[in-house]
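To start, the structure under review is shown below, and the notes come after it.
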Amino acid sequence: MRVGTKRMISKHRIQSLRPYQMVAENHILRNFLTALRKMLDDRTTSFYFAILLVIVVMGLFGPMLAPHDVNATHYDDNGDILRAEAPSVDHPLGTTHAGYDVFSRILVGARPTVLTGLIGGGMILSIGTAVGVTAGYVGGKTETVLMRFTDFVYGVPLIPFAIVLITFMGVGFLSSALVIGLILWRGAARVIRAQTMQVKQYPFVKVAKASGASTPRIIFKHILPNVAPMAIFFLAMGVGYAIILQAGLTFLGVADPFVPSWGVMIRNAFDSGYMATAPWWSLTPGLLIGITVLSTFMFGRGYEDLIDEDAESVDAEAVSA
Amino acid sequence: MTDETPLLEIRNLRKYFEESSNVLDLLLRREPDQIQAVDDVSLTLNENESIAVIGESGCGKTTLLLTLIGLHDITDGEIIYKGTPVSEFDKADWKDYRSNVQVIFQDPFNALDPKMTIRESLEEPLKIHGIDDRDRRVRDVLEHVELSPPEKYLGRKPVNLSGGEKQRVAIARALIVEPDIILADEPVSMLDASTQAAVLKMMKELIEDFGVSMIYISHDLSTVSYISEHVNVMYLGRIVETAPTGQILADPKHPYTDALVSAVPIPDPGHDRDRTRMSGAPRDPIGLGDGCRFRDRCPAVIPPDHLEIDQEAFREVMEFRELLDRDEIAFDRVVETIDDPDPDDRTMARALKQEYFRHELSGENEATLTESLIALANEKPDVAARRLKQRFESVCETTPAYVEAETGWNVACHHYEESTNETQSTPAKQH
């Protein structure tokens, strides 16, 4: 690298890496894992993370673990239906008024609940980040249009909108989750736009631009990794909100009553009039929803510890400011 | 490349920003005020040359730099790289320019992406320009910036580096594509003094080794002599003096340069010298009219020929006129110095005088001043401004030409415009 050395430019040789190496070298994955490790250093965060893991496992394997068929009516020795029976050895969480096993329904109902969270949270994350980063980085008219649209979405009342939309899309489990995602991205979009604007004016972005980096390159290599912690935070929050809202929508009757999610169980208990007399039927799914949502929120709060750890990072200023 | 074509030539470069206008301005068709960040700057950078641009914060240095790397549009004028004006660049030219003109920013703490390792930061420009043999280049350049062994640094993130180390990595990133030109914006001002010297020395060696030209931008004259052979002094968007470094330090011609040079500390407690003192801070470069931009702070501002006035006293008058012009007289503060809750014009005028004038005027001068202060106290600032202008208008209110005082030494000051300074007693009309 002395004076006058000729530059060797070759388009052919790309560093050959094996697929698993490429995955391991991927900086987004690496940053994510480092951040997760840091967050799990905190005992509270790792406690809630463990709960979340259990719930995800329930979502994955619940139907297989369920001891009974969810729609099987159970009878006692006399051949009578076990109507709203208190917990016993056979039915650890009791039965419903139709003689269904509550424990099995809880296990099976975990999957739609987890799915709702992931679909809702995933949509909040992806739409919010896409809108926020585009508006923040591109600026100008694009920003005005996107952000005024976000403001407009802020003005949409969620529950009435969901009822109207579901009327059009048909009552269904998936549509109720989609509706949630279609509305709740608005908060994420605003905050991520603000973060993007902040990251954008840092010298390292200017240097990248000055040395010829394309806009997609800057967005994917510099902007996204730096707003990623905030985006993950919104994912965690989004999962929680989506589950709560879906339970709410189900309770109002604008979701498929035949997919036995936890929300549907509470509604069925309410409809049957056994809410007070068979608390095991309504209280268990209610508590589980509460615990799930609490865990996502608390896990999201672990993000703050991450910020303190990484005091010099870009986000630290954004959060403390 | 022939010897006649300079590497980079800047001709009468202007970069104006518009003050943000709101809907009302738009409806009333008000012309937004122009912020004249860079105004009529010309520079020439030859191969293997290192020049400096010096000036206070807010004088437009950084805007100049951002304009040079194409992050700002040019308002007027031309940047010519190896004979091709930037305005005629096509895509390939831009790519070439971007790999050959690299930049080092002031703030090492945010110059590197906190989410990337040092290796990734250094590889990025190579990837953008499709340069191969990355691993060797990264190691090489790290050794050049005295970060060795490179293995120790490659996997680290910026959080785990000190300020000096970060700036070294930033320098390495600029050097790794072997550019022709490096633009350095106060590269050491945020480092502590001992690190500053080491980094500067290293930069000097590197630009010689690599055969790079450099534009070094700084507010600190004391660091310039390490790096640059030529100095351009900038004040509020204009270049006021250009000269070889040694000469300008020894014998600054422009009063502003003089003030800057005398502000360079001399580490000798016994040393005593005359300091040229500047008063106040530079004004905002918004809607600047004609005239020397330093006139309100200039210790050598030129009084009209017919006037018998002390230099210091005249300077105060000029400063006051400037404040009046900008509507920045602090009436509230002045009122507080008066006991009388409802002062008459004379009391107010006296208080104003006490606040803004430390030197006694005499005769006609005194009479004019008092008269206009009373007008001002009477809430007639226009009358006051006109009265003061009639008597105290200076030649410095016309824009000085950029003249060659000695070979290779250009100054924009009426003191060095022999013809105009001595004979022209009626200054041109103000805009």
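The values are calculated or read from the model by the stated rules, or taken from the named source; none is laboratory data. What you are looking at is a predicted structure, and each value in this text was computed from that prediction instead of being measured. A quick note on method: Cβ atoms are made from the backbone with ideal geometry, for glycine too, and the neighbour counts reach across all protein chains shown.
Summary of values
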read-out: Residue B:63 being surrounded by 18 or more Cβ atoms within 10 Å (Cβ to Cβ), in contact with a His (Cβ under 9 Å, 6 or more places away or on another chain) and either more than 8 Å from every other protein chain (Cβ to nearest Cβ) or of a type in the set (A, V, I, L, M) (or both); value: yes
read-out: Residue B:200 closer than 23 Å to residue B:63 by Cβ, aliphatic (A, V, I, L, M) and more than 12 Å from chain A (Cβ to nearest Cβ); value: no
read-out: Qualifying residue in the stretch B:94-103 (condition: buried (at least 21 other Cβ atoms within 10 Å of the Cβ), in contact (Cβ under 8 Å) with a residue 40 or more places away in the chain and touching a His at 6+ places or on another chain (Cβ under 7 Å)); value: yes
read-out: Selection within the stretch A:196-211 - crowded, with 20+ Cβ neighbours inside 10 Å and part of a loop (DSSP other than H, G, I, E, B); value: A:202, A:211
read-out: The lone exception for residue B:178 - which of (1) in contact (Cβ under 8 Å) with a residue 60 or more places away in the chain; (2) farther than 18 Å from residue B:225 by Cβ; (3) of a type in the set (D, E, K, R) it fails; value: (1)
read-out: Hits in the stretch A:139-168 - residues which are of a type in the set (Val, Ile, Thr) and without any contact (Cβ under 8 Å) to a residue 12 or more places away in the chain; value: A:142, A:144, A:145, A:164, A:167
read-out: Test: residue in the stretch B:182-190 that is in the same structural domain as residue B:70 (by TED's automatic domain parsing), among the aliphatic types (A, V, I, L, M), assigned to a loop (DSSP other than H, G, I, E, B) and under 22 Å from residue B:220 (Cβ atoms); value: yes
read-out: Of the criteria (1) away from every other protein chain (no Cβ under 14 Å); (2) over 24 Å from residue A:204 (Cα atoms); (3) of a type outside the set (Phe, Trp, Tyr), which one residue B:208 fails; value: (1)
read-out: Residues located in the stretch B:68-110, provided they are of a type in the set (Asp, Glu), part of a loop (DSSP other than H, G, I, E, B) and away from every other protein chain (no Cβ under 13 Å); value: B:73, B:90
read-out: Options B:315, B:238, B:295, B:275: the member that is modelled with pLDDT under 75 and not aliphatic (A, V, I, L, M); value: B:275
read-out: Which listed residue is within 23 Å of residue B:66 (Cα to Cα), surrounded by fewer than 20 Cβ atoms within 10 Å (Cβ to Cβ) and more than 10 Å from every other protein chain (Cβ to nearest Cβ), from B:162, B:189, B:213; value: B:189
read-out: Residue A:142 being within 28 Å of residue A:182 (Cα to Cα) and more than 23 Å from the chain's Cα centre (by Cα); value: yes
read-out: Given (1) within 14 Å of chain B (Cβ to nearest Cβ); (2) part of a loop (DSSP other than H, G, I, E, B), index of the condition residue A:255 fails; value: (1)
read-out: Of residues in the stretch B:191-220 being part of a strand (DSSP E or B) and not hydroxyl-bearing (Ser, Thr, Tyr), the one farthest from residue B:56 (Cα to Cα); value: B:214
read-out: Residue match in the stretch A:147-163 (condition: surrounded by fewer than 23 Cβ atoms within 10 Å (Cβ to Cβ) and either among the polar types (S, T, N, Q) or over 24 Å from the mean Cα position of the chain (by Cα) (or both)); value: yes
read-out: Those residues of the stretch A:94-139 which are touching an Asp or Glu at 6+ places or on another chain (Cβ under 9 Å) and among the charged types (D, E, K, R), in sequence order; value: A:101
read-out: From the options B:404, B:371, B:319, B:364, residue that is within 30 Å of residue B:232 (Cβ to Cβ) and in a helix (DSSP H, G or I); value: B:319
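Residues checked against (1) within 11 Å of chain A (Cβ to nearest Cβ); (2) within 23 Å of residue A:198 (Cα to Cα); (3) not in a loop (DSSP other than H, G, I, E, B):
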site	(1), (2), (3)
B:112	yes, yes, no
B:127	yes, no, yes
B:135	yes, no, yes
B:152	no, no, yes
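Conditions tested, residue by residue: (1) surrounded by fewer than 20 Cβ atoms within 10 Å (Cβ to Cβ); (2) touching a Pro at 6+ places or on another chain (Cβ under 6 Å); (3) touching a residue at least 24 places away in the same chain (Cβ under 8 Å); (4) within 14 Å of chain B (Cβ to nearest Cβ).
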site	(1), (2), (3), (4)
A:230	no, no, yes, yes
A:237	no, no, yes, no
A:242	no, no, yes, no
A:270	yes, no, no, no
A:276	yes, no, no, no
